[in-house]
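Notes follow the structure.
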Amino acid sequence: MRKIIAALNMTIDGICDHTAGIPDEEIHQHYTELLGQGDAILYGRTTYQLMEFWRTFLENPSEEKSMNDFATAIDKIPKIVFSRTIKNVEWESATIAKRDLKDEVLELKHQPGKDIFVGSRSLIIQLIQLELIDEFQLCIHPMVEGKGLPLFENLNDRTIFKLVKNKTFKSGAIILYYRPKNE
């Protein structure tokens, strides 16, 4: 069975905004490699529209190789977009989900293949409530954003996690790998 992995950047004050954080060559390389290990990534409308930014690097490459490599990786991985307002997508590797989140994720989990990533805060919150997250990969950037959306908002049930590993970057960012621990 495939794992559903919530992979997200956040600041030490818990803000998870794709425009917050301090991405550098090493972090871009990490996420480029990570995307190569998955079969799809799930996005909500807002995050999908933010990630479309990377399409510009395919036509007009950056001077930073790590950003171009990430753009190629994010372009290749299939994206499933959950939205009530978007009816079609222009990104060739993206599709609009045809079922609700729970049904789509349960079907994906039971198919053969590589892991499925979740890159949207709203979807992660819903999947926590549905108990469908198999692993968290939280990249915590060494900064306080001071404003924005906290990752773990509107959750009422206690969930305990087990730290299974971590990875530290030269910038001081750290990825914490957690799995839900059955109480």
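Every read-out reported here was derived from the displayed coordinates using simple, explicitly stated rules and does not represent laboratory data. Note that the structure is predicted; figures quoted are calculated from it, not measured. Note that we place each Cβ from the backbone using ideal geometry, even for glycine, and neighbour counts take in every protein chain shown.
Miscellaneous remarks
- Among 30-40, 155-165, the peptide with the highest mean count of other Cβ atoms within 10 Å heads the list, and the full ranking is 30-40, 155-165.
- Over 30 Å between alpha carbons, listed pairs LYS65/LYS170; LYS98/LYS162; LYS65/LYS167; LYS114/LYS162; LYS102/LYS170: LYS98/LYS162; LYS102/LYS170
- Check: the chain dipole with +1 on Lys, Arg Cβ and -1 on Asp, Glu Cβ, in debye: 560
- Total charge dipole magnitude, the stretch 70-170, about the Cα centre, Cβ charges on Lys, Arg, Asp, Glu only, Debye to nearest 20: 240
- Cα→Cβ-extended label distance, 7 Å offset, between GLN49 and LYS3, nm: 3.3
- Label-point gap, in nm, between LYS147 and ILE22 - each point 7 angstrom along Cα→Cβ: 2.1
- In the chain, the DSSP beta bridges split such that about 40 percent are antiparallel, to the nearest 5.
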